[in-house]
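K.L.:
Shown below is the structure under consideration.
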Protein chains: 2
Amino acid sequence: MRVAVYGGKGALGSTLVNHFKSKDWWVCSIDLRENPEADVNVVVKGATLEEQAAHVNKEVATLVTEKLDALYCVAGGWAGGDASHENFIKNTDLMMKQSIWTSVISANVAAKHLKEGGLLTLTGAEPCLEGTHFMIGYGLSKAAVHQLTASLAQKGGGLPEGAVVQCILPKTLDTPMNRKFMANADFTTRTPMSYISEMFTKWTEDPSSRHPNGALVKILTENSETKETVV
Amino acid sequence: MRVAVYGGKGALGSTLVNHFKSKDWWVCSIDLRENPEADVNVVVKGATLEEQAAHVNKEVATLVTEKLDALYCVAGGWAGGDASHENFIKNTDLMMKQSIWTSVISANVAAKHLKEGGLLTLTGAEPCLEGTHFMIGYGLSKAAVHQLTASLAQKGGGLPEGAVVQCILPKTLDTPMNRKFMANADFTTRTPMSYISEMFTKWTEDPSSRHPNGALVKILTENSETKETVV
């Protein structure tokens, strides 16, 4: 398989790159920093969405010479604040860049470089299906990603024939960062990153295992058991 | 009444400014260009969201010395394209600036300058409650505004005590621009801009006439009759 990971140097992205390499897949990492485990790296540059997209598109056109089986966008981040918070604008700007920009560029790359019947995954967040007053910038950015997923799944959305988009809505991933900052939390409700790797592998190798095109797939772990539910 | 219109030099914004001035209200216009009809003007400057917000906040802090009864954000625009469109990135960037940036800055200004029990209106779009494959950037931007509305309506969203946010979802306004480019359309299904002016006046003067806090209010005109429906 030939795949690309947007956010390939992040916590989840690195796990994915390692996992796919262990299966001998060809992996392109797209991130602000190089991931030496990947076969090729696109290092994101540019201060504006247009600059970043132009740079990524140019690099991908050079490095990705055969169509991709899948592109997984797992870039993201978190920052909070309500509308009166002193960092409201700054944090909202960051959230838009980390969630919307990466998803939009992924959609554009997928439109050009995904195989027919290929897979694009985006990353949303279940709380953002409703209002999220304590993290307004995060909420509106993830809501944009959810709606983008619906648009891409429609006929005429621009993805190659038969390609499928799935938006994952994980609750809390069991990352080193989350272990550090939520040390007293209940680990039986954390989703192991290996679950996401295996799920993406299955969706990539076996298209019949995918959820309906455009699905928002909630990933919930309880008592150390993880379930996928389409919302 | 003391009110501000974000987008006060646009088609709908100019109509609002004129209407409120005809009622002898004090009006602040916030736009890329001055509106000479307004009492005071904040001319938006800056290339980034942070720069624009800092500039608008600074100007508003100087010019708006008493709390506002209402802030109406009617800034916006339209550009289409699916994920494979050559202008997909450019148009998406523009839509984010015109819809998300203006709404986020409006929310921030409202949090600081609205009276208790005041009114904030944002502008969404009904089609964007679902996927919008032929106008992906527009769709995801308006979806972000819808979710922002839900966050702001929650306790702790940052608006002053008792303030209410309403997001209007007009279908097609009867603007000179729309008359020009959709000349053969059925004008009995266009919403007159005077309807919006009157509706905003009513919501501002009589809080009991408002829809529930956080409502997405569909504005639909059929046979020259306009109705408001909360979706």
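K.L.:
Among the residues of segment B:34-43, which ones are under 13 Å from B:VAL5 (Cβ atoms), open to solvent by 20 Å² or more (accessible area, probe 1.4 Å) and assigned to a loop (DSSP other than H, G, I, E, B)?
P.N.:
Of all residues in segment B:34-43, those under 13 Å from B:VAL5 (Cβ atoms) come to B:34-35, B:37-42.
Those left that are additionally open to solvent by 20 Å² or more (accessible area, probe 1.4 Å): B:34, B:37, B:39-41.
If the condition is that a residue be under 13 Å from B:VAL5 (Cβ atoms), open to solvent by 20 Å² or more (accessible area, probe 1.4 Å) and assigned to a loop (DSSP other than H, G, I, E, B), then B:GLU34, B:GLU37, B:ASP39 are the ones that fit.
K.L.:
Residue check, A:PHE88 against (1) under 18 Å from the mean Cα position of the chain (by Cα); (2) more than 21 Å from B:ALA83 (Cα to Cα), all met but one. Which one?
P.N.:
A:PHE88 satisfies all of (1) under 18 Å from the mean Cα position of the chain (by Cα); (2) more than 21 Å from B:ALA83 (Cα to Cα) except (1).
K.L.:
B:VAL27 fails exactly one of the following numbered conditions: (1) of a type outside the set (Gly, Ala, Ser); (2) crowded, with 22+ Cβ neighbours inside 10 Å; (3) within 12 Å of chain A (Cβ to nearest Cβ). What is the number of that condition?
P.N.:
For B:VAL27, the exception is condition (3).
K.L.:
Test B:LYS115 against the stated conditions and say whether it is in a strand (DSSP E or B) and either farther than 16 Å from B:ALA75 by Cα or more than 7 Å from chain A (Cβ to nearest Cβ) (or both).
P.N.:
Numbers: in a strand (DSSP E or B): yes; either farther than 16 Å from B:ALA75 by Cα or more than 7 Å from chain A (Cβ to nearest Cβ) (or both): yes.
Judged against the criteria, B:LYS115 is a match.
K.L.:
From the residues in segment A:165-182 that are among the hydrophobic types (A, V, I, L, M, F, W, C) and under 14 Å from the mean Cα position of the chain (by Cα), which one is nearest to A:GLY10 (Cα to Cα)?
P.N.:
Among them, the one singled out is A:LEU173.
K.L.:
Please tell me if B:ALA144 is in contact with a strand residue (DSSP E or B) (Cβ under 6 Å, 6 or more places away or on another chain), open to solvent by less than 10 Å² (accessible area, probe 1.4 Å), at the interface with chain A (Cβ under 9 Å from one of its Cβ atoms) and among the hydrophobic types (A, V, I, L, M, F, W, C).
P.N.:
Answer is no for this residue.
K.L.:
Of all residues in segment A:213-231, count the ones that are within 22 Å of A:ALA4 (Cα to Cα) and either free of Cβ contacts under 8 Å to residues at least 24 places away in the same chain or part of a helix (DSSP H, G or I) (or both). Even if it seems obvious, please write down each step before you answer.
P.N.:
The first filter runs over segment A:213-231 and keeps only residues within 22 Å of A:ALA4 (Cα to Cα), leaving A:213-217, A:219.
Next cut, either free of Cβ contacts under 8 Å to residues at least 24 places away in the same chain or part of a helix (DSSP H, G or I) (or both) only: none.
Number satisfying all stated conditions: 0.
K.L.:
Right, another one. Restricting to segment A:44-98, what's the tally of residues that are out of contact with any Lys or Arg (no Cβ under 7 Å at 6 or more places or on another chain), in a loop (DSSP other than H, G, I, E, B) and away from chain B (no Cβ under 13 Å)?
P.N.:
Looking only at that region, the number is 10.
K.L.:
When only residues in segment A:86-107 that are in contact (Cβ under 8 Å) with a residue 12 or more places away in the chain and over 21 Å from B:ILE89 (Cα atoms) count, which is surrounded by the most Cβ atoms within 10 Å (Cβ to Cβ)?
P.N.:
For segment A:86-107, the residue satisfying everything is A:PHE88.
K.L.:
From A:THR204, A:THR189, which residue is without any contact (Cβ under 8 Å) to a residue 60 or more places away in the chain, of a type in the set (Ser, Thr, Tyr), touching an Asp or Glu at 6+ places or on another chain (Cβ under 7 Å) and farther than 30 Å from B:SER103 by Cβ?
P.N.:
A:THR189
K.L.:
Can you spot a residue in segment A:203-217 that is more than 20 Å from B:GLY139 (Cα to Cα), touching a Pro at 6+ places or on another chain (Cβ under 8 Å), modelled with pLDDT of 95 or more and open to solvent by less than 30 Å² (accessible area, probe 1.4 Å)?
P.N.:
No, the conditions are met nowhere in segment A:203-217.
K.L.:
Kindly list the number of the only condition in (1) more than 30 Å from A:ALA111 (Cβ to Cβ); (2) among the hydrophobic types (A, V, I, L, M, F, W, C); (3) outside any helix (DSSP H, G or I) that fails for A:VAL165.
P.N.:
Of the numbered conditions (1) more than 30 Å from A:ALA111 (Cβ to Cβ); (2) among the hydrophobic types (A, V, I, L, M, F, W, C); (3) outside any helix (DSSP H, G or I), the odd one out for A:VAL165 is (1).
K.L.:
Quickly run through segment B:186-231 and pick out the residues that are at negative phi and touching a Gly at 6+ places or on another chain (Cβ under 8 Å).
P.N.:
B:PRO207, B:LEU216 - these are the residues of segment B:186-231 that are at negative phi and touching a Gly at 6+ places or on another chain (Cβ under 8 Å).
K.L.:
Related question: So, of the residues in segment B:153-166 that are farther than 11 Å from B:ASN213 by Cβ and more than 7 Å from chain A (Cβ to nearest Cβ), which turns out to be surrounded by the most Cβ atoms within 10 Å (Cβ to Cβ)?
P.N.:
Once the filter is applied, the top-ranked residue is B:PRO160.
K.L.:
Against the condition within 14 Å of chain A (Cβ to nearest Cβ) and either among the small types (Gly, Ala, Ser) or out of contact with any strand residue (DSSP E or B) (no Cβ under 6 Å at 6 or more places or on another chain) (or both), how does B:LEU216 come out, does it pass?
P.N.:
Values: within 14 Å of chain A (Cβ to nearest Cβ): yes; either among the small types (Gly, Ala, Ser) or out of contact with any strand residue (DSSP E or B) (no Cβ under 6 Å at 6 or more places or on another chain) (or both): no.
No: the conditions fail for B:LEU216.
K.L.:
Considering B:MET193, B:MET199, B:MET182, which residue is buried (at least 19 other Cβ atoms within 10 Å of the Cβ), over 30 Å from A:GLY137 (Cβ atoms) and of a type outside the set (Val, Ile, Thr)?
P.N.:
Testing whether each residue is buried (at least 19 other Cβ atoms within 10 Å of the Cβ), over 30 Å from A:GLY137 (Cβ atoms) and of a type outside the set (Val, Ile, Thr) leaves just B:MET193.
K.L.:
Tell me which residues, restricted to segment A:119-140, are facing chain B (nearest Cβ under 7 Å) and assigned to a helix (DSSP H, G or I).
P.N.:
A:CYS128, A:ILE136, A:GLY139, A:LEU140
K.L.:
Are any of the residues in segment A:75-85 buried (at least 24 other Cβ atoms within 10 Å of the Cβ) and free of Cβ contacts under 8 Å to residues at least 60 places away in the same chain?
P.N.:
Yes, segment A:75-85 contains a residue that is buried (at least 24 other Cβ atoms within 10 Å of the Cβ) and free of Cβ contacts under 8 Å to residues at least 60 places away in the same chain.
K.L.:
Additional query: Could we say that B:GLY139 is under 26 Å from B:TYR195 (Cα atoms) and either free of Cβ contacts under 8 Å to residues at least 40 places away in the same chain or open to solvent by 20 Å² or more (accessible area, probe 1.4 Å) (or both) here?
P.N.:
yes
The values are calculated or read from the model by the stated rules, or taken from the named source; none is laboratory data. Since the structure is predicted, the reported quantities are computational estimates derived from the model, not experimental observations. Ideal geometry is used to build each Cβ from the backbone, glycine not excepted, and the neighbour counts take in all protein chains shown. Note: areas computed on protein heavy atoms with side chains; ligands, DNA, RNA excluded. Shrake-Rupley method; radii C 1.70, N 1.55, O 1.52, S 1.80 Å.
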